[in-house]
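One structure is given here, and the rest of the page talks about it.
The values are calculated or read from the model by the stated rules, or taken from the named source; none is laboratory data. Small disclaimer: the values here were computed from a predicted structure and weren't measured. Here the Cβ positions follow ideal geometry from the backbone for every residue, glycine too, while neighbour counts run over all protein chains shown.
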Ligand code: ADP
């Protein structure tokens, strides 16, 4: 096949490898986390495929084995996973397969333009580089892999310096063996005790047995390194915060420490265990992602089924986690997943639980006027994910009222409550002026532009608070939601007439009569505007554009962008 022989890495991989190899990376040991995680993923995939194709069944004692050889200076990581064909070796290991790594290398390119390479090694630690982390410790890497269902194995070899070679090879069973020829300064990773410690630290939650093969008095012995039980199946009291955090990083491929953890067992018509995480950082490619679907994983009896079951609504897609149920058959098909009432019930219960948690977190954070420990973390969480949560105000009629309870907004009210300029809708309503029956808002590109908008002046002068909305979805939800606490949302772009309800401020300076100016302007702008009027809405600006009966500016811009 065309894949055999020597090939150049894709340019992206070349750049990444260069960085990996040349950075004096302090946490080099994470290479093992990456390789063991890949092995576990491959075994999950094989188990899933074997549900519908018995020929792919895993061996009874499927495991990930680590064999350090101090004499040969090699560390070998072998798995009973799905394996890779020659084509897959080339495409998965010769180009950048995973989106996280791609985003990482894009960020890297950015940084290099800005000459900020000093931070790049930290980036490796923050985001992980998957398989390529092997080149942090090895000067040659050999992968021998046999795809399940195939008799032929292939090897992939590279010194990480621009090219890799693929050739036919031998492997008695399907799976993958990775042999690292360790660099002279990385031989401490050949020490069995060291390998054991690293696995304990990084990979203890892996739900496949990880075993160490070592020589004891000239005899080969196998020693288990992890518990091999699914973390979520363990009682809460037995799981340490570090174990939770590491598991979160494993399933989400994110590298922060979770902001909040939900771990519970539901009993009743549908029984399931759920372990969910609210991230503390927004993944840097989050807003560029094509898919709005939740990636939380569905397991049946500890077996991975799919990450596409949409366990949570799109506006909660930042939530990461696992739901495991005994109430579905193991060989559940995609079509069945769509149709089964079991999944619908799980979705409903899981979503309700997350919504209640958000309400609770919001409530606690804002108690005492926001002057308490939880407030800062909550505000940060809202800055990261509020713009996604607000999509729920637009599209999730069932939870709209719940979201409105904890959603935060910027407004013209400068708050002294420790909310750093944020308010809830309830806070806004409390401050409404007598005679005010609507919640006023203005949509625009950014806070500065909004605050400088002449549209605001009349409201500011009369002390009427206005919400300042800048996220894409803000152009949509107020109208769809209609009202909060029976107070309609009203864009001030349409609400200038409302100003008459509020007492006008005393004019300062002399109000020059506009008697002659208005007809002159009307003539000059004939056909471009429908009318020109005197106004008491402005305090600083000379003119303001008004829209009567047409969508407001932000909406017009959005419609233009979408080609309407
Ligand atoms: P990621 O694991 O995040 O996708 P990697 O660079 O670590 O990124 O791996 C790239 C791809 O190579 C994986 O998605 C997988 O398809 C394949 N791969 C890596 N290691 C193995 C393995 N041990 N068995 C089977 N496939 C593997």
- Message: I want to confirm something. Restricting to the range 142-161 and keeping residues that are out of contact with any strand residue (DSSP E or B) (no Cβ under 6 Å at 6 or more places or on another chain) and farther than 14 Å from residue 92 by Cα, which single residue is nearest to the ligand (Cβ to nearest atom)?
- Response: 148
- Item | Selected residue (only one of 325, 273 is modelled with pLDDT under 95, in contact with a strand residue (DSSP E or B) (Cβ under 9 Å, 6 or more places away or on another chain) and crowded, with 16+ Cβ neighbours inside 10 Å) | 325
- Item | Identity of the residue in the range 170-187, surrounded by 13 or more Cβ atoms within 10 Å (Cβ to Cβ) and assigned to a helix (DSSP H, G or I), that ends up nearest to the ligand (Cβ to nearest atom) | 186
- Note on the structure: Flagged in the range 302-330 as part of a strand (DSSP E or B) and within 18 Å of the chain's Cα centre (by Cα), in numbering order, are 306, 320, 321, 322, 323
- Message: Among the residues of the range 48-62, are any closer than 24 Å to residue 170 by Cα, within 15 Å of the ligand (Cβ to nearest atom), touching a strand residue (DSSP E or B) at 6+ places or on another chain (Cβ under 7 Å) and touching a residue at least 40 places away in the same chain (Cβ under 8 Å)?
- Response: no
